[in-house]
Amino acid sequence: MTDNNRLRIAVQKSGRLCEGSMELLKAIGVKLSIRDRLLIAHSTNLPIDLLRVRDDDIPGLVMDGVVDLGFIGENELEEKMLERRAADKQHQYDVLERLDFGGCRLSIAVPNEMPYQGIASLAGTKIATTYPYLLERYFREQKIDAKAVMLNGSVEVAPRAGLADAICDLVSTGATLEANGLEEKEVIFRSKAVLIQRRGELPQTKQQLIDKLLTRINGVMQAKE
Ligand code: PRT
Ligand code: ZN
């Protein structure tokens with residue numbers, strides 16, 4: 001059995017959000033003993049356990065109340081929220097803080113040689129993406145009749161492979177798009193890492209610990225400004 005009195009925080013085990021999340025936890029005084037292969041890491045100075053998982057799993061763990069807090073990119077959070085809402089699953093959470101790492105944008109990009117005169121040019125196309133719910137919401141808002149094709153990886157090669165006409169993927173520097181002969185045309189979502197909390201009342205001691213951590217996070221963020 002897991003100890004329910006300890007605050008449970010989900011973080012990405014490895015990847016682009018890992019360093020920022022771990023650095024922030026360190027900066028606010030959470031000491032951790034991490035053994036690389038293990039799913040759970042215990043804090044040595046506070047009643048906190050860290051669940052180290054794939055980022056895709058973090059929104060669901062928070063929304064299902066399996067963990068109390070989670071560090072996650074808004075892109076993944078919003079996509080999973082839309083997916084769960086459509087499936088009538090728990091999809092509530094509270095954002096405690098928007099953080100200063102993990103910044104990126106979700107953009108539609110088209111092959112250099114594709115004629116493009118604005119978003120109407122996408123009518124009737126297939127667009128490869130890992131974020132079909134965000135993309136389809138954008139199609140609806142823009143009243144564009146296009147199709148999202150789900151791909152979990154190698155999205156940027158989909159047009160060349162003949163799987164799609166264009167793509168909708170995360171961009172930070174733009175180097176990946178350029179290397180694949182793609183041009184960014186529409187930004188559909190801007191994202192940063194956020195710290196989220198599960199809905200529902202928590203035991204007083206847990207909530208007090210969260211409040212204390214948040215005060216420290218605000219202090220760290222202000223010191224950087
Ligand atoms: O294994 P796990 O499932 O946990 O990790 P993952 O491979 O799904 O995610 P990861 O670590 O790549 O990204 C985690 C989160 O980081 C994303 O959900 C975003 O919130 C954020 N983030 C910030 C990014 C980027 N920047 C980013 N550039 N996520 C992905 N990319 C990729 C993008 O998909 C593309 O392949 O980087 C490439 C583009 O980068 P540029 O610099 O060439 O434009
Ligand atoms: Zn992932």
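The values are calculated or read from the model by the stated rules, or taken from the named source; none is laboratory data. From a predicted model like this one, the values you see are computed outputs, not experimental measurements. Cβ: placed from backbone, ideal geometry, glycine included. Neighbour counts: every protein chain shown. To get the accessible areas, we keep the full protein, side chains included, count just its heavy atoms, and leave off ligands, DNA and RNA. Shrake-Rupley method; radii C 1.70, N 1.55, O 1.52, S 1.80 Å.
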Item checked: Among the residues listed as 190, 199, the single one being within 30 Å of residue 107 (Cα to Cα) and either hydroxyl-bearing (Ser, Thr, Tyr) or within 21 Å of the chain's Cα centre (by Cα) (or both) -> 190
Check: Name the residues in the range 26-58 that are within 19 Å of residue 208 (Cβ to Cβ), buried (at least 17 other Cβ atoms within 10 Å of the Cβ) and out of contact with any helix residue (DSSP H, G or I) (no Cβ under 9 Å at 6 or more places or on another chain), would you?
Finding: 49
Check: Among the listed residues 155, 220, which satisfies the condition of being of a type in the set (Val, Ile, Thr), under 23 Å from residue 98 (Cα atoms) and open to solvent by less than 80 Å² (accessible area, probe 1.4 Å)?
Finding: 220
Item checked: Selection count, the range 125-152, where residues are touching a residue at least 12 places away in the same chain (Cβ under 8 Å) and open to solvent by 30 Å² or more (accessible area, probe 1.4 Å) -> 12
Notebook entry, point to check: Within the range 161-178, is even one residue out of contact with any Phe, Trp or Tyr (no Cβ under 6 Å at 6 or more places or on another chain), more than 24 Å from residue 73 (Cα to Cα) and surrounded by 16 or more Cβ atoms within 10 Å (Cβ to Cβ)?
Noted result: yes
Next item on the list: Those residues that are open to solvent by less than 40 Å² (accessible area, probe 1.4 Å) and either more than 13 Å from ligand 1 (Cβ to nearest atom) or touching a Leu at 6+ places or on another chain (Cβ under 9 Å) (or both), I need them from the range 1-16; list them, please.
Entry: 7, 8, 9, 10, 11
Margin query: Can you name every one of the strands (runs of 3 or more DSSP E) wholly within the range 29-93 that holds 3 or more residues which are more than 16 Å from ligand 2 (Cβ to nearest atom)?
Written below: 40-43, 48-53
Check: Can you pull out the strands (runs of 3 or more DSSP E) entirely within the range 147-225 that have at least 2 residues that are modelled with pLDDT of 95 or more and out of contact with any Asp or Glu (no Cβ under 9 Å at 6 or more places or on another chain)?
Finding: 147-150, 166-171, 182-191
